[in-house]
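Report on the following structure.
The values are calculated or read from the model by the stated rules, or taken from the named source; none is laboratory data. These numbers were taken from a predicted model, which means no experiment stands behind them. Here Cβ is always computed from backbone atoms with ideal geometry, including for glycine, and neighbour counts include all displayed protein chains.
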Amino acid sequence: MYVVKCYPLRFRGFGITRQQIEFPVNSRILSVGLNRFGSEQGKACLWALIDKDSKEFCWVKIVMILDDIDSKDIGTYSFVGTVKDVVPFHVFYKRDRE
């Protein structure tokens, strides 16, 4: 069974922040942005269509605008989108089973 789930994203000021989220196999990331409703209102979130029957770990990497990105990360992470807050920041991810 599939359901859309909201994952709050945590970041600390400027710089590169890594966050690990338990992310089900066969799931698809839909978008990122500021949540306008519910308990996560005003927080940056990642929405995904998830398969509730299986699990895998996925790294979510948040990069603030104007930051340098290590060249080794460019090839291993995929771009999800930009969260347009007071300071816009970009979200990249990669799936990792470990």
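Assorted remarks:
- Pairs meeting the criteria (first residue in the range 69-84 and assigned to a helix (DSSP H, G or I), second residue among the hydrophobic types (A, V, I, L, M, F, W, C), beta carbons under 8 Å, at least 6 apart or on different chains) are 73/92.
- Condition check for residue 43: charged (D, E, K, R), within 13 Å of the chain's Cα centre (by Cα), modelled with pLDDT of 75 or more and under 20 Å from residue 95 (Cα atoms): no
- The residue that is modelled with the lowest pLDDT, among those in the range 15-28 that are closer than 17 Å to residue 88 by Cβ and surrounded by 13 or more Cβ atoms within 10 Å (Cβ to Cβ), is 16.
- Of residues in the range 46-72 being at pLDDT below 75 and touching a Lys or Arg at 6+ places or on another chain (Cβ under 7 Å), the one surrounded by the fewest Cβ atoms within 10 Å (Cβ to Cβ): 57
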